[in-house]
Amino acid sequence: MELVLKRNLVFLDIEATGLNVIRDRIIQIAMIRYHANGEEPAQLNQLVNPGIPISEEAMQVHGILPGDVANKPTFAQVAQQLYDFIGDADLAGYNSHRFDIPMLMEEFARVGLDFSLNHRRHIDVQRIFYKMEPRTLKAALRFYCEKDMEDAHDALADVQATVDVFLGQLKRYEGVDYEDQDGKATPAPVRMDVQALHDFTNDHRFVDATQKLKYDHRGQVVFNFGKYVGKPVAESLAKDKDYYNWMLHKEFSTQVKQIIKKLVREYEQGGR
C-alpha cells in the first residue's frame, strides 16, 4: 500500500444475520492490517456462530447458511483474538461508519471489551465514492450529456434535464447487461420498454414507497417496523384492532393506509 501511515490501519468487512446493528449478530468478519513500520499486511478471516437465526434476506445477500456456522466458535470465543488483531489501529471499510464499526462495537460490548473510537481515525470508502461522484441531477446531466445545469431547481428546467439524462442513459447503456451483487445478470435492462424500466428501477422487496411494509420470502406482506416486524400484516391487524386503528390515525402514508385496509378486508372476508 503506497500510503504513509503513522499508525496501523485495519480494513474490515462484516457479514451478519441482518442489518440491525443492535439486534443482529456477526457471522463473518474479515480484516487486513497494514503496518506503519512497513511489514507485510496481515489477514484474518473468521466465521462466527451467531447464536440467533440468520434472516432470509441476509442469506440471499451473502450466501452464508446456518449449517456453515453451526460448528464455528461464538463471538465470545474469538473476541480477544479480534480485539488484539485490531489493537490501537485506525479503521477503514465500505459503509463502515453506519454498519461494520457500530456492529463490531456492540459485539465487543456484549463480552465486556471496551472498544472505543475516541483515539482512532476511521475512513469510510463509500463516503469518498459518494462525495467525489455525487448522485445529483446536475452531476448526472454532466456525466450523461456533457453539459452544465442552467436554472437549477427551477421545476421546468429540472424536468427537462431529467428527460435529457434519461435519453443519455438509453444511449449509453444500449445493449449493456446488468449484473447485481449476487452475480445475477439482467440482459440490457435500460431500453425503451417502460415495463422493463419499471422493473429495473423499483425495489420489489417493498410494498410501499415508505418501506413500512415488505414481502417475505413466501411473497406475503409483512411489517418492516414496530412490534410486529416480520409478522403478516393482514393477520396481525385483523387480530389487533387497536393497532390497526392506531395506524389509520397516525402519520403513515396514504398508500400504507390503503394497503392495510385492503389486506384486512380480504383477510376478514376469508381470503386467507
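What follows draws every value from the coordinates through simple rules; no lab data is involved. The structure displayed is predicted, hence computed values, not measured ones. Quick reminder, even Gly has a Cβ in these numbers, built from the backbone with ideal geometry, and neighbours come from all protein chains shown.
Candidate cross-link partners of residue 131 among the lysines, defined by an alpha-carbon separation under 27 Å and a same-chain spacing of 8 or more, comprise 6, 147, 171.
Separation of the range 128-175 from the range 178-228 is 24 Å, based on Cα centroids. Between residue 136 and residue 249, the simple label model (points 7 Å from Cα in the Cβ direction) yields a spacing of 4.4 nm.
Its Cα gyration tensor gives the range 213-268 an equivalent ellipsoid, and the semi-axes of that ellipsoid, as √(5λ) in whole Å with the largest first, are 16, 12, 11.
Excluding same-chain neighbours fewer than eight residues apart, the lysines reachable from residue 257 by a Cα-Cα span under 18 Å are 212, 214, 227, 231, 239, 241.
If R0 is 35 Å, the Cβ-Cβ spacing of residue 172 and residue 151 corresponds to a FRET efficiency of close to 0.90.
Here the Karplus curve 6.51 cos²θ - 1.76 cosθ + 1.60, taken at θ = phi - 60°, turns the phi angles of the range 13-20 into couplings of 9, 10, 10, 9, 6, x, 9, 7 Hz, with x standing for Gly and Pro. Kirkwood-type hydrodynamic radius, the chain: 22.8 Å, calculated from all non-identical alpha-carbon pairs. Gain on full extension, evaluated as 0.36 nm per residue between residue 125 and residue 143 minus their Cα-Cα distance, stands at 4.3 nm.
Sorting 238-248, 257-267 by average packing, meaning the other beta carbons within 10 Å per residue, from highest down gives 257-267, 238-248.
Report the far tail of the P(r) of the range 137-201, meaning the percent of Cα-Cα pairs longer than 14 Å. Don't skip to the end; give the middle numbers.
Details: 1294 of 2080 pairs.
Of all Cα-Cα pairs in the range 137-201, 62 percent lie more than 14 Å apart.
Shown in residue order for the range 175-182 are the 3J(HN,Hα) couplings computed by the Karplus curve 6.51 cos²θ - 1.76 cosθ + 1.60 at θ = phi - 60°: x, 8, 7, 10, 10, 7, 5, 9 Hz (x for Gly and Pro). Residues whose amide H comes within less than 5 Å of that of residue 74, counting only those at least five positions distant or on another chain, are 49 (H built at 1.01 Å from N in the peptide plane). Look at 116, 253 and count the other Cβ atoms within 10 Å of each Cβ; fewest to most, that gives 116, 253. Distance between the modelled labels on residue 225 and residue 60, one decimal in nanometres: 2.1 nm (7 Å Cα→Cβ projection). Size descriptors for the range 92-205 (Cα atoms only): Rg and Dmax, in that order, 20.2, 58 Å. Sequence-ordered 3J(HN,Hα) estimates for the range 133-147 from the Karplus curve with 6.51, -1.76 and 1.60 and θ = phi - 60° stand at 10, x, 9, 10, 4, 4, 5, 5, 5, 5, 5, 8, 10, 6, 9 Hz, glycine and proline given as x.
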